[in-house]
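Trainee: Here it is, the structure in full.
The values are calculated or read from the model by the stated rules, or taken from the named source; none is laboratory data. Just so it is clear, the model here is predicted, and its values are computed rather than measured. Cβ placement follows ideal geometry from the backbone for every residue including glycine, while neighbour counts extend to all protein chains displayed. Surface accessibility is based on the protein's heavy atoms, side chains included, excluding ligands, DNA and RNA. Shrake-Rupley method; radii C 1.70, N 1.55, O 1.52, S 1.80 Å.
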Amino acid sequence: MRLYLIRHAESENNALTPETLRQRKVDPDLTARGYQQRDLLARHIETATDAVGKAYAISHLYTSAMHRSLLTTQPLSDALGLTPLVWPDLHEKGGMYLEQDGCVRGCSGMTRAEIQDAFPGFRLPAEVGERGWYDPGLGREPETHSHYRALKVARALRERGDSDDVIALVSHAGFLDILLKAIFGELPSRPYILHYYHDNTAVTRLNFGAGGTSLHYMNRVDHLPAALRSF
């Protein structure tokens with residue numbers, strides 16, 4: 001099985017500065033640059049070869065339920081002719097929350113109806129309900145909970161390791177970091193320390209098989225001109 005890990009395009013929160021952090025949104029849109037990034041990513045994956053000269057030939061497309069990830073997946077879905085499956089466990093570390101004046105409030109995320117209306121054709125699991133998909137009682141997700149999700153996803157991927165599937169996951173910088181740690185047996189790790197950082201719309205490739213799992217390349221943004229690259 002071949003696996004591509006893709007970070008979402010630049011979100012409004014990514015573009016904040018220390019002076020504007022109070023404008024952080026729970027579930028932000030993409031920036032104008034982010035929309036350009038996602039379109040270039042889709043065009044690249046549809047028409048180009050990956051960094052080892054192999055056609056992407058993605059057969060299964062999964063996305064986080066966060067808005068920025070859904071938006072990034074939309075043109076990929078169109079370009080590949082694939083129906084994306086929303087996989088809530090791919091959401092960013094910390095989950096859906098707002099922190100204001102020292103108080104943290106959890107939020108539920110987009111509802112099933114909202115996702116179906118904005119992203120028709122995306123497949124939704126039962127856990128995406130009419131009240132959303134994130135448990136607001138968690139507030140800001142504990143680090144141990146995000147590690148648990150990463151281990152679950154890594155296990156599900158390993159179970160398909162001997163298949164001919166070519167899988168793409170559209171997710172987030174923090175979660176992709178701990179997912180790689182989970183895949184390579186590096187959890188638990190120091191809290192809130194990123195070792196495997198992905199730029200916006202960066203692509204990482206892994207191969208799974210009987211001989212184990214190998215990282216072929218990481219954080220490739222060849223599809224973006226320098227002016228459109230962002231962190």
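Trainee: Estimate the FRET efficiency between residue 43 and residue 155 by the formula 1/(1 + (r/R0)^6), using the beta-carbon distance for r and 35 Å for R0, to the nearest 0.05.
Mentor: Once rounded, the FRET efficiency stands at 0.55.
Trainee: Amide H to amide H, which residues 5 or more places from residue 216 or on other chains are under 5 Å from it, using H placed in the peptide plane?
Mentor: 205, 206, 207
Trainee: Once you place label points 7 Å from the Cα toward the Cβ at residue 130 and residue 231, how far apart are they in nm?
Mentor: Placing both labels 7 Å along Cα→Cβ, they lie 4.5 nm apart.
Trainee: Now for a separate question. For a bin width of 10 Å, list the pair-distance distribution of the range 1-108 built from all Cα-Cα distances, rounded to whole %.
Mentor: The percentages, shortest bin first, are 14, 40, 30, 13, 3, 0.
Trainee: Still on this model: Dividing the Cα radius of gyration by the Kirkwood radius, what Rg/Rh value follows for the range 144-226?
Mentor: Values: Rg = 13.1 Å, Rh = 13.6 Å.
So for the range 144-226, dividing Rg by the Kirkwood Rh gives 0.96.
Trainee: If you don't mind, there's one more thing I want to ask. Using the alpha-carbon atoms, what tilt in degrees (0 to 90, nearest 10) does helix 173-183 show relative to the longest principal axis of the chain?
Mentor: Once rounded, the angle reads 50 degrees.
Trainee: Moving on to the next point. Select from 157, 189, 15 the residue farthest towards the positive end of the dipole of the chain; place +1 on Cβ of Lys and Arg, -1 on Cβ of Asp and Glu, and compute about the Cα centre.
Mentor: After comparing all options, I get 189.
Trainee: A further question on this structure: Ignoring ligands, DNA and RNA, what accessible area per residue does the chain give at 1.4 Å, in Å²?
Mentor: 46
Trainee: Measure off 7 Å from each Cα along the Cα-to-Cβ vector at residue 163 and residue 217, then give the distance between these two points in nanometres to one decimal.
Mentor: 2.6
Trainee: Also, I was wondering about something else. What is the spread of the Cα atoms of the range 63-199 along each of their three principal axes, largest first, in whole Å?
Mentor: On the principal axes, the range 63-199 reaches 43, 36, 27 Å in Cα extent.
Trainee: Can I ask one more? Net charge near residue 44, counting Lys/Arg +1 and Asp/Glu -1 over other residues with Cβ under 15 Å of its Cβ?
Mentor: +1
Trainee: When a/c reaches 1.5 or more, the comparison of a/b and b/c decides; with that in mind, is the chain rounded, prolate or oblate per its Cα gyration tensor? Could the numbers behind the result be given before it?
Mentor: Values: a/c = 1.38, a/b = 1.25, b/c = 1.11.
Rounded.
Trainee: Could you give the length gained by full extension between residue 103 and residue 78, i.e. 0.36 nm per residue of separation minus their alpha carbon distance, to one decimal place?
Mentor: Values: separation 25, 0.36 × 25 = 9.00 nm, distance 4.05 nm.
Going from the current span to full extension adds 5.0 nm.
Trainee: Another one. Mind listing which GluC sites (Glu not before Pro) in the range 131-206 are in a DSSP loop and have 13 or fewer other Cβ atoms within 10 Å?
Mentor: 159, 186
Trainee: What's the carbon and sulfur percent of the range 126-201's accessible surface, probe 1.4 angstrom, rounded to a whole number?
Mentor: 52
Trainee: Residue 85 label point, 7 Å along Cα→Cβ, cut-off 14 Å on backbone N: hits in the range 167-202?
Mentor: In the range 167-202, the label zone of residue 85 (backbone N under 14 Å from the point 7 Å along Cα→Cβ) covers 167-170.
Trainee: Which of 40, 73, 62 sits farthest toward the positive end of the charge dipole of the range 33-99, with +1 on the Cβ of Lys and Arg and -1 on the Cβ of Asp and Glu?
Mentor: Value: 40.
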